[in-house]
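A.B. asks: My questions will all concern the structure given below.
The values are calculated or read from the model by the stated rules, or taken from the named source; none is laboratory data. Only a predicted model underlies this, so the values are computations on that prediction, with no experimental measurement involved. Here the Cβ is made from the backbone with ideal geometry for all residues, glycine too, and neighbour counts use every protein chain on show.
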Amino acid sequence: MNSSQPLPRSLPFHSKEGKNVKFIAFWSKKVNAFVNKIYDSATYAHATHHDLLVNFINKEYLGGAGKINHKKRVKGSTHDDLTTSSEVIEFKFHSNALESLTIVLKNMRQIFERNDYIYFSYFRERGQKDKDKTKIIKTRNCMFYLIVVIIPKKVKSLNLKVLLNEIIKEEMEFTKEVSLKSGVDLDEEELYAVGNMIKVRKLEQALEEKDKALEEKDKALEEKDKALEEKERELQRLKSQSKAKKVN
C-alpha cells in the first residue's frame with residue numbers, strides 16, 4: 001500500500017477542532033465510489049468494510065503515508081491498524097453514528113497502550129425530512145457522508161461521561177456545519193445515521209423489485225382494461241349494425 005514517496009495529501013472537505021477531539025468529513029463522488037465498493041463486496045463481513053475504510057482514509061487523508069498491518073485480524077494479535085512515521089492509529093468503523101462510541105471509550109485506556117489515536121468513523125446519508133425517513137435524495141452527488149472522529153491519546157485521563165457528552169454535543173454542531181457547507185436544505189433535508197449498509201442495500205433492492213412487479217401488474221391490468229373497453233366498443237358497434245338492419 002505504502003510507497004517510498006507519500007501520495008499528495010487530499011484534505012477533507014470539512015474539518016473542525018473540538019475541545020479534545022477533531023472531526024473530519026468527506027462527501028460527494030469519492031465517498032459514493034467508496035460506498036459502492038462496500039456494496040460490491042456483497043458481504044456482511046465487518047473486517048472487509050473496515051479494511052476498505054482504512055485504505056480510503058490512508059489515501060485521502062494521510063496521503064498514503066500509513067502502513068497497514070493485516071495481522072490485526074489474527075486472533076490474539078495486538079498489531080495496529082495503521083502506522084505512520086510518527087503515529088499509530090486504531091480504526092473503529094460503526095453503524096448508526098455515535099451509538100457505539102461509549103463501548104470504544106470504555107476501552108480507550110487499553111487501546112492507547114499501543115496507539116496514539118483512535119479514528120472512530122461512520123456514515124450519514126442525505127434524506128428527506130418527512131414522515132418517510134427512508135426516502136433518499138438519489139439525484140444528489142453527495143448522498144453519503146463519511147465522518148471520522150479523531151480521538152488523541154491525551155483524552156485517556158479524562159472523565160468518560162464528560163468526554164462522551166462533549167463529543168456528542170460537538171458532533172451535532174459539526175454535522176450541521178457539514179450539512180450547510182454541502183448545500184443541504186435544513187428545512188427539508190437531514191443527514192441520517194446509516195445502519196448495516198449491505199442489509200439496507202438488499203432491502204432497497206427488494207423494495208425496488210417489489211415496486212417493479214407492482215408496476216408490471218398495473219400495466220397488465222391497464223392493458224386488460226383497454227382490451228375489455230375495445231370489446232365493449234365492438235359489441236356496441238355490432239348491436240348498432242343489427243338494429244340498422246332490422247329497421248331497413
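A.B. asks: Condition first: polar (S, T, N, Q) and modelled with pLDDT of 85 or more. Now tell me which residues in segment 85-104 satisfy that.
C.D. replies: Once the filter is applied, which keeps residues that are polar (S, T, N, Q) and modelled with pLDDT of 85 or more, segment 85-104 yields Ser85, Ser86, Ser100, Thr102.
A.B. asks: Just to be sure I understand, how many residues within segment 81-132 are polar (S, T, N, Q) and in a helix (DSSP H, G or I)?
C.D. replies: Number satisfying all stated conditions: 3.
A.B. asks: Among the residues of segment 188-234, which ones are of a type in the set (A, V, I, L, M), under 23 Å from Tyr145 (Cβ atoms) and either touching a Phe, Trp or Tyr at 6+ places or on another chain (Cβ under 6 Å) or modelled with pLDDT of 75 or more (or both)?
C.D. replies: Leu191, Ala193, Val194, Ile198
A.B. asks: Before we move on, is Phe13 under 30 Å from Leu158 (Cα atoms) and at pLDDT below 90?
C.D. replies: yes
A.B. asks: Considering only segment 22-34, state which residues are of a type outside the set (Lys, Arg) and closer than 22 Å to Glu177 by Cβ.
C.D. replies: Result: Phe23, Ile24, Ala25, Phe26, Trp27, Ser28, Val31, Asn32, Phe34.
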